[in-house]
Amino acid sequence: MPVRAALFSYFELTDLPRLLSAIDSSGMPAETRVHVGTYGVNADASSLIRSSRGGRYAPMFKAHERTAAWERRHLTRQEEPLVSRRFSGRVPDDPDLLRLSAAQRTGWGIELGRRYRDLIRHSRQAGIVVDSWQLDELGTELAGGQGRLYREFVRGILQGITFGRRELGDREGKGWVWATRRALRLASLTLDRELTAFWHQLNRASFRLVGEEFPDFVGDPARAARAWADGQRALAAGGPVRRALAGRYVAGMTPGNRIGHGYGGNVGGLSRAEVNRWRNGYVSERARLGVAGFGEFHFTLENSRTTVMQDAARAVASGMSVL
């Protein structure tokens with residue numbers, strides 16, 4: 001990849017200085033762009049991240065959980081007359097959203113993505129540096145019984161956050177898209193019109209596609225790495241658009257001390273040294289298999305300890321050093 005980039009996501013703002021210190025002391029290759037962000041836009045977070053070596057600010061936005069952006073759009077008095085009033089109100093709840101036509105459902109997704117770009121645009125106008133964005137996430141529901149309906153909505157979000165509102169001067173801006181393992185395995189399905197549109201929009205939106213690789217820290221780490229690479233393999237076995245996404249795939253891991261919540265990790269009570277050996281073995285094998293980068297998600301609660309941050313950051317740095 002012409003740009004080397006790593007990712008660190010989801011933390012409490014009070015813990016950010018310690019996370020950045022852990023990254024700075026990790027041995028991260030000097031040319032690596034280190035994107036860091038948690039939910040929402042914050043001026044102090046941007047300043048801290050941008051002052052660290054290689055730091056890029058990439059705030060996170062939710063694809064499925066309702067936030068203030070779902071309730072109404074937030075435009076200035078100068079912007080309002082320039083934007084169509086269609087889709088200006090509250091994004092419908094899931095049951096109603098899923099009963100809409102495909103065009104309406106996608107339209108609401110586009111509007112929500114544009115509302116996220118509204119926040120980015122207003123933040124930049126206020127002097128806050130926002131380098132990129134993260135979308136959390138392509139969830140398992142995209143591969144469920146109503147998967148097509150959810151994919152239409154999320155495809156709209158991806159379009160809206162990527163292109164924003166052209167009438168307000170927004171330009172195309174790619175970001176980091178998090179994806180569950182189950183959602184990525186959709187890549188093995190035969191294409192139809194809807195899936196073709198989905199993969200094309202995801203490809204257009206993604207600076208990097210981050211696969212959520214959250215294994216239990218048990219057994220052979222190399223074997224676990226090969227198993228959790230199945231989403232990337234499904235992409236790589238597809239057509240040119242899916243192969244392009246496979247080439248921008250980042251292994252998204254989690255520090256492992258916060259367990260019991262779908263994040264895998266140190267379920268067997270390993271010592272710190274044993275956890276590090278397991279994680280390093282996993283990272284080494286993922287690097288050998290081929291990825292575009294590494295990331296870590298969820299530096300809260302037990303994962304917010306300084307030693308945990310340091311160990312996770314060193315693992316990412318070691319992976320980035322051999323790509």
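The values are calculated or read from the model by the stated rules, or taken from the named source; none is laboratory data. Quick caveat: nothing in here was measured; it's all calculated off a predicted structure. Quick reminder, even Gly has a Cβ in these numbers, built from the backbone with ideal geometry, and neighbours come from all protein chains shown. Quick note on the areas: whole protein, heavy atoms, side chains included, nothing else; ligands and nucleic acids left out. Shrake-Rupley method; radii C 1.70, N 1.55, O 1.52, S 1.80 Å.
Among the residues of segment 134-166 satisfying the criterion of being assigned to a loop (DSSP other than H, G, I, E, B) and open to solvent by less than 10 Å² (accessible area, probe 1.4 Å), which is farthest from residue 295 (Cα to Cα)?
In this case the residue turns out to be 165.
Of everything in segment 167-177, what is surrounded by fewer than 24 Cβ atoms within 10 Å (Cβ to Cβ) and either among the aromatic types (Phe, Trp, Tyr) or within 14 Å of the chain's Cα centre (by Cα) (or both)? Give them in sequence order.
174
Answer yes if at least one residue in segment 52-62 is of a type in the set (Phe, Trp, Tyr), within 29 Å of residue 305 (Cβ to Cβ), under 23 Å from the mean Cα position of the chain (by Cα) and at pLDDT 95 or above, and no otherwise.
yes
If I ask for residues that are open to solvent by less than 10 Å² (accessible area, probe 1.4 Å), of a type in the set (A, V, I, L, M) and over 15 Å from residue 312 (Cα atoms), which ones from segment 16-65 would you list?
45, 49, 58, 60, 63
What number of residues within segment 235-245 satisfy the criterion of being in contact (Cβ under 8 Å) with a residue 40 or more places away in the chain, within 19 Å of residue 176 (Cα to Cα) and either of a type in the set (Phe, Trp, Tyr) or open to solvent by 10 Å² or more (accessible area, probe 1.4 Å) (or both)?
Residues in segment 235-245 being in contact (Cβ under 8 Å) with a residue 40 or more places away in the chain, within 19 Å of residue 176 (Cα to Cα) and either of a type in the set (Phe, Trp, Tyr) or open to solvent by 10 Å² or more (accessible area, probe 1.4 Å) (or both): 3 in total.
Of all the residues that make up segment 286-310, how many are open to solvent by less than 20 Å² (accessible area, probe 1.4 Å) and of a type in the set (D, E, K, R)?
Matching residues across segment 286-310 total 2.
Quick check: anything in segment 75-82 under 29 Å from residue 263 (Cβ atoms), modelled with pLDDT of 95 or more and surrounded by 15 or more Cβ atoms within 10 Å (Cβ to Cβ)?
The answer is no; no qualifying residue exists.
Quick one: which residue in 209, 235, 289 is out of contact with any strand residue (DSSP E or B) (no Cβ under 8 Å at 6 or more places or on another chain) and of a type outside the set (Phe, Trp, Tyr)?
The conditions single out 289.
Kindly establish whether residue 111 is open to solvent by 20 Å² or more (accessible area, probe 1.4 Å) and either part of a strand (DSSP E or B) or touching a Phe, Trp or Tyr at 6+ places or on another chain (Cβ under 9 Å) (or both).
Taking the combined requirement at face value, the residue does not satisfy it.
When you check residue 198 against the structure, is it under 20 Å from residue 173 (Cβ atoms) and either small (Gly, Ala, Ser) or open to solvent by less than 10 Å² (accessible area, probe 1.4 Å) (or both), yes or no?
yes
What number of residues within segment 253-277 are buried (at least 24 other Cβ atoms within 10 Å of the Cβ) and either more than 14 Å from residue 217 (Cβ to Cβ) or not β-branched (Val, Ile, Thr) (or both)?
4
List pairs: first in segment 132-153 and of a type in the set (Asp, Glu), second in a helix (DSSP H, G or I) and crowded, with 19+ Cβ neighbours inside 10 Å, Cβ under 6 Å, 6+ apart or cross-chain?
141/150; 152/105; 152/106
Based on what the data block shows, is residue 230 under 29 Å from residue 270 (Cβ atoms) and either among the polar types (S, T, N, Q) or open to solvent by 10 Å² or more (accessible area, probe 1.4 Å) (or both)?
Yes; evaluated as a whole, the condition is true for this residue.
Six or more apart or on different chains, Cβ atoms under 7 Å: show the pairs whose first residue is in segment 83-95 and under 19 Å from residue 168 (Cβ atoms) and whose second is surrounded by 12 or more Cβ atoms within 10 Å (Cβ to Cβ) and of a type in the set (Gly, Ala, Ser).
Once the first residue is under 19 Å from residue 168 (Cβ atoms) and sits in segment 83-95, its partners that are surrounded by 12 or more Cβ atoms within 10 Å (Cβ to Cβ) and of a type in the set (Gly, Ala, Ser) give 87/107.
Could you count how many residues in segment 89-103 are open to solvent by 40 Å² or more (accessible area, probe 1.4 Å) and assigned to a loop (DSSP other than H, G, I, E, B)?
Number satisfying all stated conditions: 4.
Contact list please: Cβ distance under 8 Å, first residue in segment 285-299 and under 9 Å from residue 323 (Cβ atoms) and in a loop (DSSP other than H, G, I, E, B), second residue open to solvent by less than 10 Å² (accessible area, probe 1.4 Å) and of a type in the set (A, V, I, L, M), pairs at least six apart or on different chains.
Cβ pairs passing all conditions: 291/250; 291/251; 292/5; 292/250.
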